[in-house]
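*Asks:* Take this structure, written in structure tokens, and hold onto it; I'll ask about it next.
The values are calculated or read from the model by the stated rules, or taken from the named source; none is laboratory data. For clarity, every value in this text was computed on a predicted model and none was experimentally measured. Here the Cβ positions follow ideal geometry from the backbone for every residue, glycine too, while neighbour counts run over all protein chains shown. For the accessible areas, the whole protein counts, side chains as well, though only heavy atoms, and no ligand, DNA or RNA atoms are used. Shrake-Rupley method; radii C 1.70, N 1.55, O 1.52, S 1.80 Å.
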Amino acid sequence: LYQIIISLRKIKDGNYEKIEEIQGKDEFLEIAQNITEMKQKIVEREQALMESIEKKNQAEKEIRGILKEKEKLLAELYHRTNNNMQVIISLIQLKASYFNDGLIVEVLKDIEMCIQGMSLVQQRLSKAKNLNKINMKGYIEELIQKQYLKQKKNIAFELDLKPIEILIDS
């Protein structure tokens, strides 16, 4: 096979120099060169992998930033929508105070209740994890509580609702 002969040769100042002699040198150098090339390929692949991981991490960081910005914009949109609906309700209540006609006042109160119902959908969506669906059981229970029970009419509700989620488009 291959032999490596190591010897020491005396040089200046009493120091020694290590001398390596390889028998079967040509084959050994070819193997050594192949090993060096393989090591270089491994290093290149590791570098490519590290660059890929860095790019992935950077992309994830950008996506998180975009998501935070989207959440802020969504919260602002919900806030503005809610404020606008409250302004409309206040305007309807103000106009209702000008009329003595019970029918007109009743129509305006019905319109106000419709807007409050839409506002309730918007409020539930702003708190929901899924913006595509709304839980109808919770919505109906809260709507009845806010709309009808608030008016203190002698109405009793007995609800037997199943937790159904409906697409918001419906």
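*Asks:* Quick one: which of Tyr98, Tyr78 is under 27 Å from Glu142 (Cα atoms) and aromatic (Phe, Trp, Tyr)?
*Replies:* Being under 27 Å from Glu142 (Cα atoms) and aromatic (Phe, Trp, Tyr) holds for just one of Tyr98, Tyr78, which is Tyr78.
*Asks:* Test Ile111 against the criterion of being open to solvent by less than 70 Å² (accessible area, probe 1.4 Å), under 21 Å from Tyr139 (Cβ atoms) and either touching a Ser or Thr at 6+ places or on another chain (Cβ under 7 Å) or in contact (Cβ under 8 Å) with a residue 12 or more places away in the chain (or both), and give yes or no. Give the steps one after another, and end with the answer.
*Replies:* On the way: open to solvent by less than 70 Å² (accessible area, probe 1.4 Å): no; under 21 Å from Tyr139 (Cβ atoms): yes; either touching a Ser or Thr at 6+ places or on another chain (Cβ under 7 Å) or in contact (Cβ under 8 Å) with a residue 12 or more places away in the chain (or both): yes.
The answer is no for Ile111.
*Asks:* OK, next. Give segment 29-52 a look and list any residue that's open to solvent by less than 90 Å² (accessible area, probe 1.4 Å), modelled with pLDDT of 85 or more and not hydrophobic (A, V, I, L, M, F, W, C), or say none.
*Replies:* Matches in segment 29-52: Ser52 only.
*Asks:* Out of the residues in segment 117-144 that are open to solvent by 100 Å² or more (accessible area, probe 1.4 Å) and at pLDDT below 80, which is nearest to Leu67 (Cα to Cα)? Lay out the reasoning, then the answer.
*Replies:* We begin by selecting, within segment 117-144, every residue open to solvent by 100 Å² or more (accessible area, probe 1.4 Å); these are 118, 127, 129.
Then keep just the ones that are at pLDDT below 80; that gives 127, 129.
Numbers: Lys127: 16, Lys129: 14 Å.
By that ranking, first place goes to Lys129.
*Asks:* Has segment 101-122 got at least one residue that is over 32 Å from the mean Cα position of the chain (by Cα) and not in a helix (DSSP H, G or I)?
*Replies:* Taking every residue of segment 101-122 in turn, at least one turns out to be over 32 Å from the mean Cα position of the chain (by Cα) and not in a helix (DSSP H, G or I).
*Asks:* Can you confirm whether segment 135-148 contains a residue that is more than 30 Å from the chain's Cα centre (by Cα), farther than 24 Å from Asn83 by Cα and assigned to a loop (DSSP other than H, G, I, E, B)?
*Replies:* no
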